[in-house]
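Right, one structure below, let's go through it.
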Amino acid sequence: MTETIVVTGFGVISPLNPDGDPGCFWAALRAGKNGVLPVLSFDASRYPCKVAAEIPRGMLGLAEGEDPAMQMARIAFERSIEDADLKQAGYDPKRTGVILGTVLGGVVSGDRYFRVAGLREEEKKRLLRQYPMRAVASSLALSGRIGGPVLTVATACASGTDAVGIGYRKIRSGEADAVVAGGVDAVTEFSFSGFSALNALTPDKVRPFSKNRSGLALGEGAAFLVLERATSATARGARILGRVAGYASASDATHLTAPHRDGRGLSSAAAAAIRESDLDPSEIDYVSAHGTGTLYNDWMETRALKTSLGRRAGSVPVSSIKAILGHAFGAAGAMEALACFLAIRDGVVPPTGNFEERDPECDIDCVPNRERSVTVRAALSLSAGFGGQNAALVLARR
Amino acid sequence: MALLKGYPVDPRFCVPDISLEDSLENARPFRRVANVTKFALAAVAMAIRDAGLTPGREDRSRTGMVIGVTHGALVFSSQYHEGLLQDGPEAASPMLFAESVLNAPAGNVAMAFGIRGPVHTMIGEESVGAQALEVALALLRSGSVDHCIVVGTEEKSPLINNAYERMEHVASRAIPGEATPPPGEGAAAIVVECAWEAIRRRTSLRVPVVSVRCCHGAREGMEDFVARVVKEQLTSVGMRDVKTGHVILPTGRYREAVRRGALRGLGAGWCGTSCLDIAPVVGNPFGAAVLFQVSVSAALISSGDSSGAGLILSSGIEKTFSSILLGGSPDGAEAPPL
């Protein structure tokens, strides 16, 4: 029989909880508190969009020249380890891993390296060390004295979901005993300008599944989940948040920047993850949508849900926390997986914020603007991204 | 601003201009992609052909792909950055931005060959190809795919030269024997599948993948660390002291320490084994390195030029280390790959 893989700790830092307090994160999600505000980290006056969901840099406690993504990751990573009491668990460091999803890694350092003239040589070296995407995971592994699998996954906006999924697989296959998996990304003008050039950014608010939706807003932060075997977690008396019941990913193979119109890859990933979980689609009580608030994503996702959940797609609560959290890229999937576990724990699903007008093409129950009490036995967390990437996790009660 | 126009371009270990017309039925959609993507497209076309994966015959939703990259499309990324800084947001090119995202090679290759299974891009040092192979084997073991294409790809960029020289990691300035050779570029791809699947397809089995080890952040000295890991790896598959084979040396940093450590870790049966160094031919192709090494080792084994197993070693500046064991088995029969 296949081992059950459970989550025993988490850490998260986001614009809704810039101090890293997980209680604030969940309370703000449930309340639909808007984190998308005027851009702080650079001058956005030249762009049609002037909003993003950011963590004020002053709250990160950055050392001089330190990359904000590195620091966000460190805060969430250390909290997840504390939350799981992982240091006392007695796992062999060589069988403990870090799996990180990121889209941009240390791009803030790269941006500074290019942008600022007259930097001292030592500063240039520091920026170059922080710039590569692999640097974040390496730094976390070194600080956590972790010597098992240390992987950086770059599957665009599905990176965080894939990181959790790959971590789950590493334990299931016996390659690791414990894995800290999650994602990180920071807002930078580099990515902001790119999404602006692609006409993907909203000028004001993110309105997933609304007829008048106008695009996404950039977000940032980090989230990590500690995964281990249920038997080991129980034996050491760890608190269990829930289990990862299934994971799958699939490629659209159609376009580099646009999703397949019928959500072919996403429905395939969702169906495969549900199959792996051995649950019936009727047991999925909540869906955390990718829900970027772009025209095509939300259409595509609705179709994918209809394909993978059948009739249930019309009645299951589906929400997008990106409405208020922005799109945190590599961190998004991990934050959304965490939201699913908290929904399972508390029997409450967070709302889709900023919902204004029903779109007949998105005829799903998107939990508009108010949290809802729902007994959640299992949740489906969906992600999609550039390059036709799609990933799905099924997360369930113990 | 520290822009790249003044940076020297190192002409060594470059791939000459390639045409995708020979590799793809329809190369037109890919004519403006970054070199890192072009290399991957060409390598995957060759690997698919070599493995006999006929388009339209296999279910491409059961084919996966894992790509290993270190730096990705840094030329496009730098150009995009320069345009943004010099000319403002109006000059930001959506094409350059989209093609500079790290998983753009994977997205393009998936499109070109209709790969609809799991597609992952792993980012890491020179050993990232071994990590990609590990993830691919896990996809096979989990039953998610029938075949998985493993790719390593990298392109040269003036920024890479500048960065590694500035950090004193390249050969001209680093400690002899510990340095990384000058950056190279290119791509290599292999197809991995369960032996029974290859037999079902009536395709020839090239070489079994016996074991993959990926380690991070050696705390002891690199030589001792490598000796221990190699010894453990060979012991775990019962291949210590059994067959003389060949060792393919790393293209990254700590090459000499890795060589010494590996020779210490190998058992008596490996005495006199040949150590091959591909760095003088390809430089340090970072993300492509391990797949280059695997291709060389597989060719040696499958052609009979090497009678035993192949041990493929990789190391990087952050003291990452990987070791892949191909071919050979304790009883002389080919070990099942999974």
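The values are calculated or read from the model by the stated rules, or taken from the named source; none is laboratory data. Just so it is clear, the structure is predicted and the values come from calculations on it, not from any experiment. For neighbour counting, all protein chains shown are included, and Cβ atoms are generated from backbone atoms with ideal geometry for every residue, glycine included.
This table checks each residue for (1) of a type in the set (S, T, N, Q); (2) surrounded by fewer than 24 Cβ atoms within 10 Å (Cβ to Cβ); (3) under 18 Å from A:Gly219 (Cβ atoms).
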residue: A:Leu309; (1), (2), (3): no, yes, no
residue: A:Ser315; (1), (2), (3): yes, yes, no
residue: A:Ala323; (1), (2), (3): no, no, yes
residue: A:Gly326; (1), (2), (3): no, no, yes
residue: A:Ala331; (1), (2), (3): no, no, yes
residue: A:Ala337; (1), (2), (3): no, no, yes
residue: A:Gly353; (1), (2), (3): no, no, yes
residue: A:Ala379; (1), (2), (3): no, no, no
residue: A:Val394; (1), (2), (3): no, no, no
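Among the conditions (1) farther than 25 Å from B:Ser323 by Cα; (2) at pLDDT 95 or above, B:Gln79 misses just one, which is (2). The helices (runs of 4 or more DSSP H) found wholly in the stretch B:88-162 and carrying at least 2 residues that are at the interface with another protein chain (Cβ under 9 Å from one of its Cβ atoms) and more than 28 Å from B:Arg60 (Cα to Cα) occupy B:94-100. So which residues in the stretch A:7-29 are among the hydrophobic types (A, V, I, L, M, F, W, C), touching a Leu at 6+ places or on another chain (Cβ under 8 Å) and surrounded by 24 or more Cβ atoms within 10 Å (Cβ to Cβ), if there are any at all? Result: A:Val7, A:Phe10, A:Val12, A:Leu16, A:Phe25, A:Leu29. For the stretch A:204-238, the tally of residues that are over 12 Å from A:Gly293 (Cβ atoms), out of contact with any strand residue (DSSP E or B) (no Cβ under 7 Å at 6 or more places or on another chain) and crowded, with 24+ Cβ neighbours inside 10 Å stands at 0. Of the residues examined, A:Ala181 is one that is more than 8 Å from chain B (Cβ to nearest Cβ), in contact with a Lys or Arg (Cβ under 9 Å, 6 or more places away or on another chain), touching a residue at least 60 places away in the same chain (Cβ under 8 Å) and assigned to a strand (DSSP E or B). Taking the stretch B:40-54 as the range and being in a helix (DSSP H, G or I) and either surrounded by 21 or more Cβ atoms within 10 Å (Cβ to Cβ) or in contact (Cβ under 8 Å) with a residue 12 or more places away in the chain (or both) as the test, the residues that pass are B:Ala40, B:Leu41, B:Ala42, B:Ala43, B:Val44, B:Ala45, B:Met46, B:Ala47, B:Ile48, B:Asp50, B:Ala51. Take A:Arg95 and decide whether it is under 18 Å from B:Val135 (Cβ atoms), charged (D, E, K, R) and more than 22 Å from the chain's Cα centre (by Cα). Yes, satisfied. Restricting B:Glu223, B:Glu197, B:Glu193 to those that are under 30 Å from B:Asn161 (Cβ atoms) and of a type in the set (Asp, Glu) reduces the list to B:Glu223. Of all the criteria given as (1) out of contact with any Gly (no Cβ under 9 Å at 6 or more places or on another chain); (2) in the same structural domain as B:Gly143 (by TED's automatic domain parsing), the one not satisfied by B:Gly184 is (1). Scoring A:Glu82 on the criteria (1) surrounded by 21 or more Cβ atoms within 10 Å (Cβ to Cβ); (2) outside any loop (DSSP other than H, G, I, E, B) leaves a single failure, condition (1).
Restricting attention to the stretch A:120-134, which residues are touching a residue at least 12 places away in the same chain (Cβ under 8 Å) and more than 8 Å from every other protein chain (Cβ to nearest Cβ)? Scanning the stretch A:120-134 gives A:Glu123, A:Arg126, A:Leu127, A:Gln130.
In this structure, does B:Gly316 turn out to be among the small types (Gly, Ala, Ser), free of Cβ contacts under 8 Å to residues at least 12 places away in the same chain and not assigned by TED's automatic domain parsing to the domain that holds B:Gly72? So B:Gly316 does not fit the description; no. On the basis of being surrounded by fewer than 17 Cβ atoms within 10 Å (Cβ to Cβ), modelled with pLDDT of 85 or more and within 14 Å of chain A (Cβ to nearest Cβ), does B:Arg228 make the cut? Yes: the conditions hold for B:Arg228. Of all positions in the stretch A:21-40, none carries a residue that is of a type in the set (Gly, Ala, Ser), assigned to a strand (DSSP E or B) and on the phi < 0 side of the Ramachandran plot.
Of the residues A:Ala141, A:Ala163, A:Ala200, the single one that is small (Gly, Ala, Ser), in contact (Cβ under 8 Å) with a residue 40 or more places away in the chain, touching a Gly at 6+ places or on another chain (Cβ under 7 Å) and facing chain B (nearest Cβ under 9 Å) is A:Ala141.
Being in contact with a His (Cβ under 8 Å, 6 or more places away or on another chain), under 25 Å from A:Arg79 (Cβ atoms) and not assigned by TED's automatic domain parsing to the domain that holds A:Gly105 is a description that does not apply to A:Ser319. Note on the stretch A:144-160: residues that are at pLDDT 95 or above and more than 7 Å from chain B (Cβ to nearest Cβ) amount to 4. Number of residues in the stretch B:293-320 that are touching a Ser or Thr at 6+ places or on another chain (Cβ under 8 Å) and under 25 Å from B:Ala40 (Cβ atoms) equals 12. Scanning the stretch A:41-65 for residues that are closer than 17 Å to A:Ile13 by Cα, surrounded by fewer than 18 Cβ atoms within 10 Å (Cβ to Cβ) and touching a helix residue (DSSP H, G or I) at 6+ places or on another chain (Cβ under 9 Å) yields A:Arg57, A:Gly61, A:Leu62. Here A:Ala117 qualifies as modelled with pLDDT under 80 and at the interface with chain B (Cβ under 7 Å from one of its Cβ atoms).
Here A:Arg74 fits the description: in a helix (DSSP H, G or I) and of a type in the set (Lys, Arg). Residues in the stretch A:102-110 include none that are assigned to a helix (DSSP H, G or I), modelled with pLDDT of 95 or more and under 21 Å from A:Val164 (Cβ atoms). Count of the stretch A:25-62 residues, restricted to those that are farther than 20 Å from A:Asn354 by Cβ and within 20 Å of the chain's Cα centre (by Cα), is 3.
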